[in-house]
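Visitor: My structure is below; once you've seen it, I'll send some questions.
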Amino acid sequence: MNATTKPDTIDDSAAAEAQAAEAEEATAEAVTENADDSAPQVSAPRDSASHSSAPHDSASEEEEETGEGEAEDGEPDADPAVARRSGVGAGAGAGAVVAAALAFVALSGSWMGTVLSERKTLTGQIHLPQGASAAQQIHEVYAAPWHTTALVNGGFALLALIVGVVVLALPLFSTPARTQAVWVRAVAWGSVAVAVIGLVIAAGMYFDLFAALPSAPAATSTPTQ
């Protein structure tokens, strides 16, 4: 009897230990499954947040690329005020150059002045009566063309003076007040100075201030015997 009860007792204890081990394994598997089931629930908001932020990131990248493209093109980022100021500055520079050219022509003479002077000489010779005096011939052939040249040069000098003064006065009428480029002011002031000199020379030519008109000697009567 004792020999038979000892193996039965050992078998029962082994079976109990095996059942306990199986119960522990089942509990561990249940805990693992619960952890696996809860993991997607925790990470779901992160995934949704990442998905929701992805369009925002892509939109920001598209905006940055669009901004870079617009900056390279230069058209959408151009400031209208800056464009207007640059246009006005270019106009002032062009006006200063035109004034300088007109002032130079006023001092050196022009093709127009030469043609009008020759025309005046021809018309004077045509309208000169037969037997005209020497003073009348001098006036029609020399004085009238000389004065015509003076008028043409004076006209160019006056135009140069007006254009130069307008260029220098442009900043006074701009809102807000702006400063012109140094070369624009220099060219405009030089044009004004040369135009004033041209006006003085033209006035001296017209009124014969630099040299008097030539005059014919008085006729002398020969004594009769």
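Visitor: So if the hydrodynamic radius of segment 109-225 is defined as the Kirkwood radius over C-alpha pairs, what does Stokes-Einstein give as its diffusion coefficient at 25 °C and 0.890 mPa s, in µm² per second?
Guide: 141 µm²/s
Visitor: Let me ask something additional. Between L107 and L158, what is the label-point separation in nm under the 7 Å Cα-to-beta-carbon projection?
Guide: About 2.1 nm separates the two model spin labels.
Visitor: For segment 165-207, how big is Rg over Rh, using alpha carbon atoms and the Kirkwood form of Rh?
Guide: 1.19
Visitor: For segment 131-196, what is the convex hull (Cα atoms) projected area averaged across all directions, in square nanometres?
Guide: Seen from a random direction, the Cα hull of segment 131-196 projects 5.5 nm² on average.
Visitor: At q = 0.18, 0.26 Å⁻¹, work out log10 I(q)/I(0) for segment 108-155 with the Debye formula, treating every Cα as an identical point scatterer and leaving solvent out; two decimals please.
Guide: Ignoring solvent entirely, the Cα scatterers give -0.52, -0.86.
Visitor: Residue by residue, what Karplus-based ³J(HN,Hα) values in Hz, rounded to whole numbers, does segment 129-136 have, using 6.51, -1.76 and 1.60 with θ = phi - 60° and x for Gly and Pro?
Guide: x, 5, x, 5, 6, 5, 5, 5
Visitor: Show me 185-191, 132-138, 154-160 ranked by packing, highest mean number of other Cβ atoms within 10 Å first.
Guide: Sorting 185-191, 132-138, 154-160 by mean packing, highest first, produces 154-160, 185-191, 132-138.
Values in this text are rule-based calculations from the coordinates and carry no lab data. Every value quoted in this text rests on a predicted model; they were computed, and no experiment measured them. Positions of Cβ are generated from backbone atoms using ideal geometry, with glycine treated the same way; all protein chains shown enter the neighbour counts.
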